[in-house]
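The values are calculated or read from the model by the stated rules, or taken from the named source; none is laboratory data. Note that this is a predicted model, so its numbers are computed, not measured. Here the Cβ positions follow ideal geometry from the backbone for every residue, glycine too, while neighbour counts run over all protein chains shown. For the accessible areas, the whole protein counts, side chains as well, though only heavy atoms, and no ligand, DNA or RNA atoms are used. Shrake-Rupley method; radii C 1.70, N 1.55, O 1.52, S 1.80 Å.
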Amino acid sequence: MALVHVRKEEVNEYGRPSWRLTDPSGVYISVFSEFCHRLKGLRYATLLRYTTVVARFIDYLYEVKVLGAAPVSRSVVNDAINYYLELLRSGEHVSLTIGKRERARYAEGDEAREAALRSVARRLKIEPLAAGSWANTIAALNHFLRLCAMLETEAKEMALNRGGMDPTLVANAA
């Protein structure tokens, strides 16, 4: 997979290797930096793998307009994550059909969605993962998604405790 929308660079942070990711505008993606910071103590090869997996995932999120465009709903984010896993499983041969062979059919909208996903796979050069790569890929993605959930919770708490926000507004924030 090639990075199309973001740029990853290795840096030295306090005598340790780390990485930075910049968005299409050249702005550092702070959640990626925080992710790298929390990977202390891992071997270099593991650090490199985890940061590569997450950089590719963030690049995909830009490609499908979850990042870098208008705000999206939680369900759109969840769908994007699920479709990403399908792309990792099948690459450009992704199939959203239901059933097998002659009985295979599409749910409403899935034929167009499948074509769009195949285009994403080609553009980002997403190939199916080898069987031995799933464990460290899922581990990196889960670690990153847990960090995002934790940061979201912290942001809501700060809005309530320090920002004096209405608790109903904060609770309803996606």
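What is the sum of charges, Lys and Arg at +1 and Asp and Glu at -1, for the other residues whose Cβ falls under 14 Å from the Cβ of H37? Don't skip to the answer; put the middle values down first.
Numbers: positive: R16, R20, R38, K40; negative: E13, E34.
Here the count lands on +2.
Which of rounded, prolate, oblate describes region 47-104, given a ≥ b ≥ c as roots of the alpha-carbon gyration tensor eigenvalues and a/c under 1.5 marking rounded, otherwise prolate only if a/b is larger than b/c? Don't jump to the answer; show the numbers that get you there.
Values: a/c = 2.95, a/b = 1.46, b/c = 2.02.
It comes out oblate by the Cα gyration axes.
Note the direction-averaged projected area, equal to a quarter of the hull surface, for the Cα convex hull of region 1-123, in nm².
Numbers: hull surface 36.7 nm².
Dividing the Cα hull surface by four gives the mean projection, 9.2 nm².
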TODO: Determine how large the accessible area of V31 is when every protein chain is in place; take a 1.4 Å probe and give Å² rounded to the nearest 10.
DONE: 40
Task: Which of L124, L3 is most accessible, then next, and so on - probe 1.4 Å - done: L3, L124
Task: Heavy-atom accessible area per residue - region 1-123, 1.4 Å, Å² - done: 61
Open item on the list: Not counting ligands, DNA or RNA, and with a 1.4 Å probe, what is T52's accessible surface area in Å² rounded to the nearest 10?
Closed with: 30
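In what order, largest first, do Y84, Y44, Y50 sit by accessible area if the probe radius is 1.4 Å?
Working: Y84 5, Y44 100, Y50 40 Å².
So the residues, ranked largest to smallest area, are Y44, Y50, Y84.
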Task: Inter-label distance, nm, simple model (7 Å from Cα along the C-beta direction), R74/T46 - done: 3.2
- [ ] Give a quick list of trypsin sites (Lys or Arg not before Pro) in region 10-103 that DSSP marks as loop, anything other than H, G, I, E or B, with at most 16 other Cβ atoms within 10 Å.
- [x] R38, K40, R43, K65, K100
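Percent relative contact order of region 1-119, based on C-alpha pairs within less than 8 angstrom and at least six residues apart?
16
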